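J.: What follows is a structure written as structure tokens; I'll ask about it next.
The values are calculated or read from the model by the stated rules, or taken from the named source; none is laboratory data. Every value quoted in this text rests on a predicted model; they were computed, and no experiment measured them. Positions of Cβ are generated from backbone atoms using ideal geometry, with glycine treated the same way; all protein chains shown enter the neighbour counts.
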Amino acid sequence: MVPAHQGGGLMRADLLAESIAGLDEALTAVDSFDRALVAGLLRPRPAEAAGLADIARAVAGTPLAARVAEAAEKAAAGAAGEDHFVALAAARTALLGSVHDALLERVEEAAGRARGDATGPEPDAPQETNLLAAARSWLSDLARAGWRGIDHDLVSGATPVVSAMLPDPALRRPAALLDGFAAELAASCPGAALDRIPARRWADLWSRAMLLTLPGAADVPVTGPATGRLLPLGVDVHEHPTAVQAQVHAVFEPADGTASRLVRASVSVPKPDTVLGAGLWQLLRPHMSLLAALGEGLSMDLTGMPLTAEGDLVWSDAHARRGEPADALTTARVALPTATASPTAPLDRHPARIAVPVFLEGYEAWSDGEAPGFTVAGYRLAVDTDRVPAAGPLTPEAVAASRACIGLLRWDDRTYSVQPLAVETLVRKKAVAVHAGAWAGGTADKAGVRAEKAATDAAAVLRERAGRLLRK
């Protein structure tokens, strides 16, 4: 919560404890359909047919009702075609979208924040392509086989499709999703031997990929120029063995005096699996000057920076220059409570996508075994320190000793949690801020220096090996 005397409003954390009508029923229908995908829809048994009927009932009374009812009937008979699988994927996505909307409305009510409306024209839908149809055919084969039925022959069917899609910038988004999905499935083959199947995750990837094969679904969002001051709040790092992404959350104050809004700026790069910890910043830093400014506690002045209606800055250093010092905790106390949140793109409406910047103060920190948490206005809020990147000085110990926190409020498995981006703690009776992205612009910290040196050495070795291969 933000005390009113400091310019903010009280966060109604008690609202997070209240139930949301229909949420459990929607999630139950999704889970029932996901179980049907585990066994496959080539020759559905009564259990799979029941899962299909559940999702059809869940969207009864909506514009999807007739198409999904037909799709569920055909799939239960083992006679579903691509259009039927698209309808089922749309129904599942719509249900999770409704869960997303209900949760986000509750979170923003608790935070006392308004959400803006989408503006700007919709992009024109491109014509149907053979490549998208080929991708849809492969995804339909997956649904028929089910996760228990996957094998290397089936999964490898995505390879020629992805290879043909990647060179086309208009198809790169679905191509990247299909590539990662197929790689994950290939690493799990054969499905019949799996002890545990990530049913929700694979169904998420399947349904999203299926919808991205529709004309216009993967269009680049409409953007408009953004001119004003950018005040960073913190950075969220997403790391995988071969790629890393840094997503900066910030408050944007337009130069024309209109209402400030919450925005994000992201940069993604490939990485060797030997680059870890603070070495990640070496890969990311050259592609976004915002990271250095964040590490140094500076604002950024933007001129004509492309900004989508959903609040994503399409970052270009040509449109940005370093500004005045800007303390993130001060921004959170003063500017965050009045910033307007951006609408969510239709295909991004999913509970896992909820990451709402909040500022908490006056809480009581606690630890339940190894899991820390905050008691905020009487509500016990879990703290997800597993999401805090190792590429920074923010530790679980600093979080447990904190008295103020900038974080991302998330929801997972029917539970709210906060991911710390920065905290304020006392060191020798003096308030000290600790940021997850403090090393983004470079560091004198011994551990950070060692990690950066190791990353430099690893990159040099890889460049030398690549040079040998090219010479041969």
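J.: Show the residue pairs that are 6+ apart or on different chains and have beta-carbon atoms under 8 Å apart, the first residue being within segment 192-216 and assigned by TED's automatic domain parsing to the domain that holds Val30, the second being part of a helix (DSSP H, G or I) and acidic (Asp, Glu).
T.: Short answer, once both residue conditions are applied: Ala199/Asp31; Ala199/Asp34; Arg200/Asp31; Arg200/Asp34; Trp202/Glu184; Ala203/Asp34; Leu205/Glu184.
J.: In the list Val99, Val68, which residue meets the criterion of being in a helix (DSSP H, G or I) and either acidic (Asp, Glu) or touching a residue at least 60 places away in the same chain (Cβ under 8 Å) (or both)? Break it down stepwise before answering.
T.: Numbers: Val68 fails: either acidic (Asp, Glu) or touching a residue at least 60 places away in the same chain (Cβ under 8 Å) (or both).
When all the criteria are applied, what remains is Val99.
J.: Going by the structure shown, is Val434 at pLDDT 85 or above and touching a Cys at 6+ places or on another chain (Cβ under 8 Å)? Full working, then the answer.
T.: Numbers: at pLDDT 85 or above: yes; touching a Cys at 6+ places or on another chain (Cβ under 8 Å): no.
For Val434, the condition - at pLDDT 85 or above and touching a Cys at 6+ places or on another chain (Cβ under 8 Å) - is not met.
J.: State all residues of segment 43-58 that are within 22 Å of Arg144 (Cβ to Cβ) and either of a type outside the set (D, E, K, R) or surrounded by fewer than 18 Cβ atoms within 10 Å (Cβ to Cβ) (or both); if no residue qualifies, say none.
T.: Going residue by residue through segment 43-58, those that are within 22 Å of Arg144 (Cβ to Cβ) are 43-56.
Residues satisfying the conditions are Arg43, Pro44, Arg45, Pro46, Ala47, Ala49, Ala50, Gly51, Leu52, Ala53, Ile55, Ala56.
J.: Go through (1) outside the structural domain of Lys429 (by TED's automatic domain parsing); (2) surrounded by fewer than 16 Cβ atoms within 10 Å (Cβ to Cβ) and name the single condition Ala328 misses.
T.: (2)
J.: On to the next question. Find the residue count for segment 163-187, including only residues that are buried (at least 17 other Cβ atoms within 10 Å of the Cβ), within 24 Å of Leu88 (Cα to Cα), touching a residue at least 24 places away in the same chain (Cβ under 8 Å) and of a type outside the set (Gly, Ala, Ser).
T.: Count: 6.
J.: Output the residues belonging to segment 184-236 that are within 17 Å of the chain's Cα centre (by Cα), small (Gly, Ala, Ser) and either part of a strand (DSSP E or B) or under 16 Å from Gly149 (Cβ atoms) (or both).
T.: Result: Ala203, Gly234.
J.: Just to check your reading of the model, which residue among Gly51, Gly97, Gly40 is over 24 Å from Asp348 (Cβ atoms), assigned by TED's automatic domain parsing to the domain that holds Asp151 and out of contact with any Gly (no Cβ under 8 Å at 6 or more places or on another chain)? Lay out the reasoning, then the answer.
T.: Details: Gly97 fails: over 24 Å from Asp348 (Cβ atoms); Gly40 fails: out of contact with any Gly (no Cβ under 8 Å at 6 or more places or on another chain).
That would be Gly51, the only listed residue that is over 24 Å from Asp348 (Cβ atoms), assigned by TED's automatic domain parsing to the domain that holds Asp151 and out of contact with any Gly (no Cβ under 8 Å at 6 or more places or on another chain).
J.: Would you mention how many residues in segment 13-42 are buried (at least 16 other Cβ atoms within 10 Å of the Cβ) and of a type in the set (Ser, Thr, Tyr)?
T.: Residues in segment 13-42 being buried (at least 16 other Cβ atoms within 10 Å of the Cβ) and of a type in the set (Ser, Thr, Tyr): 1 in total.
J.: Need at least 1 residues that are among the basic types (Lys, Arg) per element, so show me which strands (runs of 3 or more DSSP E) inside segment 364-445 make the cut, counting only ones lying wholly within it.
T.: Details: elements: 364-368, 371-376, 379-383, 402-412, 415-427, 430-435.
Hits in segment 364-445: 379-383, 402-412, 430-435.
J.: Quick one: how many residues across segment 292-316 are more than 19 Å from the chain's Cα centre (by Cα) and not charged (D, E, K, R)? Full working, then the answer.
T.: Step one: list which residues in segment 292-316 are more than 19 Å from the chain's Cα centre (by Cα), which gives 292-306, 316.
Applying the additional criterion that residues be not charged (D, E, K, R) yields 292-295, 297-300, 302-306, 316.
Residues meeting the conditions: 14.
J.: Determine whether segment 165-181 contains at least one residue that is in contact with a Pro (Cβ under 8 Å, 6 or more places away or on another chain) and either assigned by TED's automatic domain parsing to the domain that holds Val86 or in a strand (DSSP E or B) (or both).
T.: If we filter segment 165-181 for residues that are in contact with a Pro (Cβ under 8 Å, 6 or more places away or on another chain), which is where we start, we get 165, 170.
Those left that are additionally either assigned by TED's automatic domain parsing to the domain that holds Val86 or in a strand (DSSP E or B) (or both): 165, 170.
Yes, the conditions are met somewhere in segment 165-181.
J.: From the residues in segment 396-413 that are out of contact with any Ser or Thr (no Cβ under 8 Å at 6 or more places or on another chain) and under 24 Å from Lys429 (Cβ atoms), which one is modelled with the lowest pLDDT?
T.: Checking each candidate, the answer is Glu397.
J.: Does segment 355-375 contain at least one residue that is under 22 Å from Ala440 (Cα atoms) and at pLDDT below 85?
T.: no
J.: Can you tell me how many residues in segment 41-62 are over 28 Å from the mean Cα position of the chain (by Cα) and assigned to a loop (DSSP other than H, G, I, E, B)?
T.: Of the residues in segment 41-62, 7 are over 28 Å from the mean Cα position of the chain (by Cα) and assigned to a loop (DSSP other than H, G, I, E, B).
J.: Could you list, in sequence order, all residues of segment 356-383 that are closer than 30 Å to Val275 by Cα and buried (at least 19 other Cβ atoms within 10 Å of the Cβ)?
T.: Passing the criteria: Val356, Pro357, Pro372, Val383.
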